[in-house]
Amino acid sequence: MTAPVSVPPVADTARRDIPAFVRDGERMMWIGGRQVAAVSGRTLPNTDPATEEALASVPRGEAADVDAAVHAARAAFTDPAWAEMSPDRRGRILNQIADVIEEHADELATIDSVNMGAPRMLTAHMLAEASEIFRYYAGWPTKLSGVSVPAGKDRMAYTRKEPLGVVGIIWGWNGPMGQLPSKLAPALAAGNTVVLKPAETASLSTLRLAELLAGTDLPAGVVNVVTGLGAEAGQALVAHPGVAKIAFTGSTATGKLVQRQATDTLKRVTLELGGKSPSVVFADADLDVAVRGVAAGFLGNAGQACVAASRVFVEESIREEFVERLLKTMEAFAPGDPLTQGTLVGPLSTKAQFDRVSSYLDIAREEGANVVTGGGRFGDHGYFFAPTLLDDVRPDMRVVREEIFGPVGVITTFTDIDDAIAQANDTDYGLAASVWTTNLTTAHRMAAAIEAGTVWINTWAEMSTGNLPFGGYKQSGLGREGGLEGLDTYTQVKTVRIAL
Ligand code: NDP
């Protein structure tokens with residue numbers, strides 16, 4: 001099978017039916033309830049990755065802007081309008097946020113699809129999850145309770161769960177509205193205020209969301225947004241002494257840097273980082289289901305997913321049949337216009353990302369891997385990359401060990417369950433895994449043995465709507481998002497002892 005060469009059916013940006021918010025002009029940041037440009041007046045461009053044409057620009061915020069945002073957030077944190085708000089009312093405001101997200105889900109999903117290239121089907125799904133996550137956390141302000149502890153006669157002791165203060169939230173371009181809610185919702189539910197720093201190439205949906213939040217009962221300054229570069233605005237937020245916690249989603253390399261930088265002020269840090277997740281297919285699996293899940297695992301969002309199942313392990317006895325079926329299924333994942341109904345894979349998000357994925361294909365060839373299908377550009381404009389499968393790979397190859405973050409899977413075989421476990425765990429990462437089998441014993445043994453924060457059995461990438469913890473083992477992260485575990489990372493515990 002060779003790389004498809006047809007041109008994706010993408011109209012130029014001017015002719016596409018896209019929200020005015022993304023089209024052109026300059027959007028503004030939000031600090032203290034007001035829309036502001038960067039102090040420097042500088043801006044950053046945005047590009048439509050499907051057409052390579054310019055979109056609206058965003059302010060290039062730097063340390064001075066971050067400082068203003070942190071001060072606004074700090075003032076809002078101690079303002080009685082937020083600090084003394086009743087838990088019921090805080091819960092109602094979180095439900096209001098869920099309502100505005102639901103009402104504007106189409107627009108926000110389209111903004112993300114145009115800004116970073118994820119298919120509309122996927123961004124719509126992320127927005128549906130987003131409102132559910134806010135609804136889930138809307139129930140928590142009234143339930144955040146400490147405990148009363150026996151302290152002996154004439155004494156009383158109890159604990160209180162209190163907010164941390166100002167939380168800095170930094171996250172990736174590969175799912176702006178997918179990653180933000182599981183940080184923002186618990187941060188607000190616990191009574192914190194926030195400064196958001198979205199990814200420089202995909203900030204538009206966050207700026208629009210901030211505009212929508214201004215129409216809710218959220219007091220001014222509780223949510224602030226500073227756009228800008230990671231090395232400028234991001235770093236300034238991480239270093240700022242007025243910030244109590246950083247919640248970060250991004251690459252493992254940047255996550256380590258963030259943790260090191262946060263040490264000076266001893267901030268709390270939670271990290272959702274990269275992965276090189278395995279899909280393990282046993283001979284007894286329902287192959288119709290497995291083949292689709294495996295393909296979606298490494299091709300969904302053009303492989304730009306932290307949970308991308310980019311290492312495929314197939315039981316030796318079914319290798320030939322499985323690869324044949326997989327190649328056929330991959331044809332349905334041919335890239336197309338992210339805004340077209342039914343498109344499963346859009347372009348890569350930026351030119352830098354396109355060049356990075358292309359360079360991994362050079363590395364694969366140099367290392368001796370075989371390109372079974374795909375392997376390069378798809379079409380003649382836009383950052384589209386052909387769905388790619390590599391075999392003849394060895395465990396020490398860079399394409400097997402490193403996160404490529406593109407529509408590239410590597411496939412190899414295993415002999416038995418112990419071999420499958422050993423190969424699946426042979427990675428520095430540990431974010432997720434999927435296992436395809438109809439044998440209950442195999443399923444549970446694999447679930448227990450795999451070193452990953454999430455194990456999916458006979459399904460893939462089903463994310464929670466707030467009630468399940470998500471996070472990484474090994475170098476895939478620190479802490480958990482979702483559920484009570486996620487909420488607790490936005491609180492601190494105070495002990496109170498009283499002499500009666
Ligand atoms: P990066 O680590 O490059 O960037 C993530 C965010 O950090 C961006 O907002 C970025 O800003 C900012 N940043 C960059 N440098 C610094 C710095 N020195 N200090 C503070 N902030 C900084 O990751 P990508 O954007 O490339 O995202 C892809 C990665 O995210 C992949 O590794 C993927 O696996 C991971 N990911 C993890 C998820 C999870 O939940 N575990 C979910 C989704 C993705 P800027 O935009 O300017 O670069």
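Could you tell me which residue out of Gly297, Leu390, Ser40 lies farthest along the dipole of the chain toward its positive end? Charges go on the beta carbon: Lys and Arg +1, Asp and Glu -1, centred on the Cα centre.
Result: Ser40, furthest along the dipole toward the positive end.
Based on Cβ point charges of +1 for Lys and Arg and -1 for Asp and Glu, what charge dipole magnitude is obtained for segment 278-464 about its Cα centre, in debye rounded to the nearest 20?
Numbers: 13 positive and 27 negative charges, 114 e Å.
In total the dipole reaches around 540 debye.
Taking θ as phi - 60°, what are the ³J(HN,Hα) couplings along segment 89-98 by the Karplus curve (6.51, -1.76, 1.60), each to the nearest whole Hz, with x for Gly and Pro?
5, 4, x, 5, 5, 4, 5, 4, 4, 4
So how far, in whole Å, is the C-alpha centre of segment 459-500 from the one of segment 148-178?
For segment 459-500 versus segment 148-178, the Cα centre distance is 10 Å.
Probe radius 1.4 Å, ligands and nucleic acids left out: which of Lys161, Lys153, Lys143, Lys267 has the largest accessible area, and how do the rest follow? Can you show the working numbers first?
Values: Lys161 60, Lys153 170, Lys143 110, Lys267 20 Å².
From most accessible down to least: Lys153, Lys143, Lys161, Lys267.
Taking Cα atoms, how many degrees apart are the long axis of helix 440-449 and the longest axis of the chain, rounded to 10 and kept between 0 and 90?
Relative to the chain, helix 440-449 is tipped by roughly 60 degrees.
Loop-only GluC sites (Glu not before Pro) in segment 444-490, please: DSSP not H, G, I, E or B, and at most 12 other Cβ atoms within 10 Å.
Here the sparse-neighbourhood loop sites are Glu462.
Could you tell me the relative contact order of segment 278-464? Use alpha-carbon pairs under 8 Å, at least six residues apart, and round to a whole percent.
28 percent
Over all alpha-carbon pairs in segment 22-88, figure out the percentage whose distance exceeds 16 Å.
I get 58 percent for the Cα pairs in segment 22-88 exceeding 16 Å.
Give me Rg/Rg_expected for segment 278-464, where Rg uses Cα atoms only and Rg_expected = 2.2 N^0.38 Å with N residues.
0.97
Using unit Cβ charges (K, R positive; D, E negative) and no other charged atoms, how large, in debye to the nearest 20, is the dipole of the chain about its Cα centre?
The dipole magnitude comes to about 2020 debye.
Considering the options Leu348, Gly471, Ala369, tell which one lies farthest towards the positive end of the dipole of the chain, charges being +1 on Lys and Arg and -1 on Asp and Glu at the Cβ, about the Cα centre.
So the residue furthest toward the plus end is Gly471.
Pairs of alpha-carbon atoms within less than 8 angstrom and 6+ residues apart define the contacts here; what relative contact order does the chain have, in percent?
Relative contact order, the chain: 19 percent.
Using only DSSP helix segments of four residues or longer, with each worth -39500 (n - 2.57), what per-residue ellipticity at 222 nm results for the chain after dividing by its residue count and rounding to 500? Walk me through the intermediate numbers first.
Values: 18 runs with 182 residues, N = 500.
Counting only the DSSP helices, I get -10500 deg cm²/dmol.
Give the peptides 194-207, 368-381, 401-414 in descending order of average Cβ contacts within 10 Å, highest first.
Averaged packing, sorted descending, gives the order 194-207, 401-414, 368-381.
Output wanted: per-residue J couplings in Hz (rounded whole) for segment 458-469, from phi through Karplus 6.51 cos²θ - 1.76 cosθ + 1.60, θ = phi - 60°, x for Gly and Pro.
6, 7, 8, 6, 6, 8, 7, 9, x, 8, 10, x
Compute the helix-to-body angle for 120-138: its Cα long axis versus the longest principal axis of the chain, expressed 0 to 90° and rounded to tens.
That helix lies at roughly 30 degrees to the long axis.
Quick check: with the 1.4 Å probe, what order do Trp30, Trp171 take by accessible area, largest first? Mind dumping the intermediate values first?
Values: Trp30 30, Trp171 10 Å².
The residues order as Trp30, Trp171, largest area first.
Considering the options Leu487, Ala199, Leu271, tell which one lies farthest towards the positive end of the dipole of the chain, charges being +1 on Lys and Arg and -1 on Asp and Glu at the Cβ, about the Cα centre.
Leu487
Kirkwood Rh over Cα pairs of the chain into Stokes-Einstein at 25 °C, 0.890 mPa s: D in µm²/s? Display every interim value, and only then the final one.
Numbers: Rh = 23.4 Å.
Reported coefficient: 105 µm²/s.
The values are calculated or read from the model by the stated rules, or taken from the named source; none is laboratory data. Since the structure is predicted, the reported quantities are computational estimates derived from the model, not experimental observations. Every residue, glycine among them, receives a Cβ derived from its backbone with ideal geometry; neighbour counts consider all protein chains shown. These area figures cover heavy atoms from the full protein model, side chains too; ligands, DNA and RNA do not enter into them. Shrake-Rupley method; radii C 1.70, N 1.55, O 1.52, S 1.80 Å.
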